[in-house]
Amino acid sequence: TRKYNFCAGPAALPEAVLLKAQAEMTDWQGRGLSVMEMSHRSEEFVGIAEKAEQDLRDLLNIPSNYKVLFMQGGASSQFAMVPLNLLGQGGRPNYLKTGVWAKKAIAEASRYADTHIAGNCEARNFTSVPAQSEIVLSDDAAYLHFTSNETIGGLQFDYLPESGSIPLVCDMSSDILSRPLDVTDYGVIYAGAQKNIGPAGLTLVIIRDDLLDQAMDVIPSMMSYRIMADNDSMYNTPPTYAWYLSGLVFDWLKNDVGGLEKMAEINARKAAKLYAAIDNSHFYGNPIAVANRSQMNVPFTLADDALDKVFLQEAEQNGLLNLAGHRSVGGMRASIYNAVPEAAVDALIAFMGDFEQRHG
Ligand code: PLP
């Protein structure tokens, strides 16, 4: 009875994870209580938390000089936490402006400091990322922030911006864990959980430990990476159930999927066939430069937007949910995160072909 869910977030979770959580819902491993009802300081929960972190470390090959923080407040809170934590010793925050999410990060940082836009693709309507040759850091750059995947625009970096000795900070909310990466290229990686990690309510931060002590004095304790790191992300009550479920997702990625290289292969195949279906039709369109097309979020338009409503209605009748584009841009968007099976993409492509035949 489960349908195919293309929601951008909170997004589909692996069915195996949901079934495991369901089986353990009222009685976790014979202890007679739910994970939701456990003290975060209990031996049981600390074990769950540590396994989740270790599985994530294994998946991403995170070195020991990087801390993993399980925080709250969503990626939007990170837009403030990044400058608050990194600008205590001065310097200007540098940003790449690539779309809606980068703009929000820039707006928040600009409340604390004079932000330098080191690269900007707005003039081409965010249809391709700034090239390395277009990126110019300020002399006093404290960090370079970029959004690896713009969830609304469907624009994804196909290369790692070069910033020399300046720490790279990345909002990886919508493509973390979709492919392998080298954590040592980054100073800070952050991501809201509700796409490739787990349910909403948890925010992941991976930070190089030499960056833990550059915070502004006024930083709230709850926003301090140093305080969170020193308290194993349990300075206050963490979102325990979201942490547990994310741990089940990491375990699924590691043991059911077989790791991030395998995941990347599947994701590449899913995206390639969906973009091919769009490109091979005269009815559907996607404006993003081929090299920067997102493998996670595939926005597309219909030749006649008067048909949008019918498309969405019929899609839903065919078990294909949440294909409407973001309310700010309209059109369609298929988010094809890790947990969206290849069969879902196949079903979408078949439906799109059929719809075009009948309406095109
Ligand atoms: N950054 C990116 C790239 C996103 O896609 C989103 C949400 O979709 C956010 C930030 C904001 O995340 P949150 O809702 O967790 O604050």
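The values are calculated or read from the model by the stated rules, or taken from the named source; none is laboratory data. None of these values were measured; they are calculated from a predicted model. A quick note on method: Cβ atoms are made from the backbone with ideal geometry, for glycine too, and the neighbour counts reach across all protein chains shown.
With the condition kept exactly as written, say whether any residue in segment 3-11 is within 16 Å of the ligand (Cβ to nearest atom) and farther than 30 Å from C121 by Cα. Looking through segment 3-11, at least one residue is within 16 Å of the ligand (Cβ to nearest atom) and farther than 30 Å from C121 by Cα. The residue that is surrounded by the most Cβ atoms within 10 Å (Cβ to Cβ), among those in segment 271-310 that are in a strand (DSSP E or B) and in contact (Cβ under 8 Å) with a residue 60 or more places away in the chain, is N297.
Please determine whether any residue of segment 320-339 is aromatic (F, W, Y) and more than 21 Å from I176 (Cα to Cα). Scanning segment 320-339 turns up no residue that is aromatic (F, W, Y) and more than 21 Å from I176 (Cα to Cα). With respect to being outside the structural domain of Y337 (by TED's automatic domain parsing), touching a Lys or Arg at 6+ places or on another chain (Cβ under 6 Å) and over 20 Å from Y244 (Cα atoms), G164 falls outside the description. Kindly evaluate M263 against the criterion of being more than 16 Å from the ligand (Cβ to nearest atom), in contact (Cβ under 8 Å) with a residue 12 or more places away in the chain and touching a helix residue (DSSP H, G or I) at 6+ places or on another chain (Cβ under 8 Å). Answer is yes for this residue. Of all residues in segment 83-108, count the ones that are farther than 22 Å from Q132 by Cβ, within 20 Å of the chain's Cα centre (by Cα) and either among the charged types (D, E, K, R) or surrounded by 21 or more Cβ atoms within 10 Å (Cβ to Cβ) (or both). Of the residues in segment 83-108, 3 are farther than 22 Å from Q132 by Cβ, within 20 Å of the chain's Cα centre (by Cα) and either among the charged types (D, E, K, R) or surrounded by 21 or more Cβ atoms within 10 Å (Cβ to Cβ) (or both).
Annotation note: Cβ proximity below 7 Å between a residue of segment 191-204 that is basic (K, R) and a residue that is near the ligand (Cβ under 7 Å from one of its atoms) (sequence gap 6+ or interchain) occurs for K195/G9; K195/S173; K195/S174.
Residues that are of a type in the set (A, V, I, L, M) and away from the ligand (no atom under 16 Å from the Cβ) within segment 85-130 comprise L86, L87, A113, I117, A118, A123, listed in sequence order. Taken as a whole, the condition of being outside any helix (DSSP H, G or I) and without any contact (Cβ under 8 Å) to a residue 24 or more places away in the chain applies to N236. Looking at this structure, is P14 closer than 28 Å to K67 by Cβ and in contact with a helix residue (DSSP H, G or I) (Cβ under 6 Å, 6 or more places away or on another chain)? In short, yes. Among residues of segment 154-170 that are at positive phi and touching a residue at least 40 places away in the same chain (Cβ under 8 Å), those with a Cβ under 9 angstrom from a residue that is among the basic types (K, R) and buried (at least 21 other Cβ atoms within 10 Å of the Cβ), sequence gap 6+ or separate chain, pair up as G154/R293; G154/R333. Does segment 70-77 contain any residue that is assigned to a strand (DSSP E or B), within 12 Å of the ligand (Cβ to nearest atom) and in contact with a Ser or Thr (Cβ under 6 Å, 6 or more places away or on another chain)? Yes, segment 70-77 contains a residue that is assigned to a strand (DSSP E or B), within 12 Å of the ligand (Cβ to nearest atom) and in contact with a Ser or Thr (Cβ under 6 Å, 6 or more places away or on another chain).
For segment 93-101, does any single residue satisfy the condition of being at pLDDT 95 or above, in a helix (DSSP H, G or I), more than 19 Å from P167 (Cα to Cα) and of a type in the set (F, W, Y)? Within segment 93-101 (the criterion being at pLDDT 95 or above, in a helix (DSSP H, G or I), more than 19 Å from P167 (Cα to Cα) and of a type in the set (F, W, Y)), the answer is yes, since at least one residue qualifies. A search for C-beta distances below 9 Å between a residue of segment 66-78 that is under 13 Å from I227 (Cβ atoms) and any residue that is near the ligand (Cβ under 8 Å from one of its atoms), counting only pairs 6+ apart in sequence or on different chains, returns L69/T203; M71/S77; M71/Q78; M71/T203. Considering segment 316-341, the residues that are in a loop (DSSP other than H, G, I, E, B) and polar (S, T, N, Q) include one that is farthest from the chain's Cα centre (by Cα), namely N318. In segment 173-185 there is at least one residue matching the filter, namely being more than 27 Å from V290 (Cα to Cα) and not acidic (D, E).
Tally the residues that are in a helix (DSSP H, G or I) and surrounded by 15 or more Cβ atoms within 10 Å (Cβ to Cβ), restricting the search to segment 17-43. Here the count works out to 7. Inside segment 342-360, residues that are under 17 Å from L302 (Cβ atoms) and part of a helix (DSSP H, G or I) make up a count of 12.
Considering only segment 139-170, how many residues are charged (D, E, K, R) and under 12 Å from the mean Cα position of the chain (by Cα)?
Going through segment 139-170 one residue at a time, the tally reaches 1.
Looking only at strands (runs of 3 or more DSSP E) that fall completely inside segment 138-226, which ones have 2 or more residues that are away from the ligand (no atom under 13 Å from the Cβ) and of a type outside the set (S, T, Y)?
Filter on segment 138-226 gives 141-147, 203-208.
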